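Taking it in order: structure first as structure tokens, then the write-up.
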Amino acid sequence: MDVIHFPEDARAAGWRDPVLALGNFDGLHRGHRKILDRLRRVAGERHATSVVMTFDPHPPRVVRPDKAPPLLMTKAQKLEGLAQIGVDGAAIVRFTHELSQWSPEAFVRTVLVEWLRVSEVWVGANFLFGHDRSGNFSLLRALGGRYGFKAEKIDPVRYKDFVVSSTRIRRLVSEARVDEASALLGHPYFIDGTVVKGDARGRTIGFPTANVCSTNELLPPNGVYATTAIIDGVVWPSVTNIGTRPTVDSSGRITVETHVFDFDRDLYGTTVRVAFVQRLRDERAFESLELLKAQIDLDCGRARVLFDRLSL
């Protein structure tokens, strides 16, 4: 997948009549995938290039940083996901304060027409753009008529009784409802991180853990979760504790510690993807390490039953 950035890069040489999906695509949830499936189909029928345009940083970070939400994905995770979906290219607009002042027409003319020379643009039903979010789909379609491209939209995707949106998924993750978030995402919510050295206390009580240092912005609340750990492309069942480890640590520092089932290998320096399947319990302090060990054993048992039911 070709990746280019505005304003420093030229349009990729091999792109042919780009059919563009425009949006933030945080989480690449079911609604996003509906747009991207349509994008790829239309581009394929027209022998055109399928391109996703997104923004970096996320526009609220620039225009209202005090209200900017934590993101579901890092930039690297988003690009990885787009490549896996099969999109031909990604065009990333460097979002600045200056760009936030552009009128909708200035954005369309400069970025969509002069930079990318798009043939068609797909957006979600609630897409807004330009200064103060003053541009909507009707204006985009009118500008398309003026500048020679077609504009289309896709209605929101519903899952059961809910409209699928990144905002709703963020709220579910922040409330520890990771199984519900997974249903809207179409995959478990995950974080990536590097395994760093901890105090090795888990190994002394029979449950060695990987201390995961992640750059993801949104962690589920403190607690114990049934998780999977993807290591070198292999999916392993696991349990993960997020929190301050009150039984053994008084510092108050939040850590992410994952115990991988039936795994005995040094992971220091390894990149691990931890995916959250279901919350098991709150984090709490125990009066002794023996009681903590007994509870972890129960946690692992519950997780194994869950994984057997899910045929992990």
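Only residues that are assigned to a helix (DSSP H, G or I) and either out of contact with any strand residue (DSSP E or B) (no Cβ under 7 Å at 6 or more places or on another chain) or modelled with pLDDT under 90 (or both) were counted in the range 158-205, giving 13. Collect the residues in the range 112-157 that are among the aliphatic types (A, V, I, L, M), buried (at least 20 other Cβ atoms within 10 Å of the Cβ) and in a helix (DSSP H, G or I), keeping them in residue-number order. Of everything in the range 112-157, those that are among the aliphatic types (A, V, I, L, M), buried (at least 20 other Cβ atoms within 10 Å of the Cβ) and in a helix (DSSP H, G or I) turn out to be L112, L140, L143. G130 passes every criterion in (1) on the phi > 0 side of the Ramachandran plot; (2) in the same structural domain as L28 (by TED's automatic domain parsing); (3) touching a residue at least 40 places away in the same chain (Cβ under 8 Å) apart from (3).
Among the residues of the range 1-15, which ones are surrounded by 13 or more Cβ atoms within 10 Å (Cβ to Cβ) and in contact (Cβ under 8 Å) with a residue 24 or more places away in the chain?
Once the filter is applied, which keeps residues that are surrounded by 13 or more Cβ atoms within 10 Å (Cβ to Cβ) and in contact (Cβ under 8 Å) with a residue 24 or more places away in the chain, the range 1-15 yields M1, D2, V3, I4, F6, R11, A12, W15.
Yes or no, residue by residue, for (1) over 18 Å from I4 (Cα atoms); (2) in contact (Cβ under 8 Å) with a residue 12 or more places away in the chain; (3) under 16 Å from the mean Cα position of the chain (by Cα); (4) surrounded by 21 or more Cβ atoms within 10 Å (Cβ to Cβ):
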| position | (1), (2), (3), (4) |
| --- | --- |
| R38 | yes, yes, no, no |
| V42 | yes, yes, no, no |
| E45 | yes, no, no, no |
| T49 | no, yes, no, yes |
| V52 | no, yes, yes, yes |
| K67 | yes, no, no, no |
| P70 | yes, yes, yes, no |
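Yes or no: the range 63-78 includes at least one residue that is over 30 Å from G193 (Cβ atoms), among the β-branched types (V, I, T) and modelled with pLDDT of 95 or more. No: zero hits.
The values are calculated or read from the model by the stated rules, or taken from the named source; none is laboratory data. Here the structure is a predicted model, which is why all the values come from computation and not from measurement. Quick reminder, even Gly has a Cβ in these numbers, built from the backbone with ideal geometry, and neighbours come from all protein chains shown.
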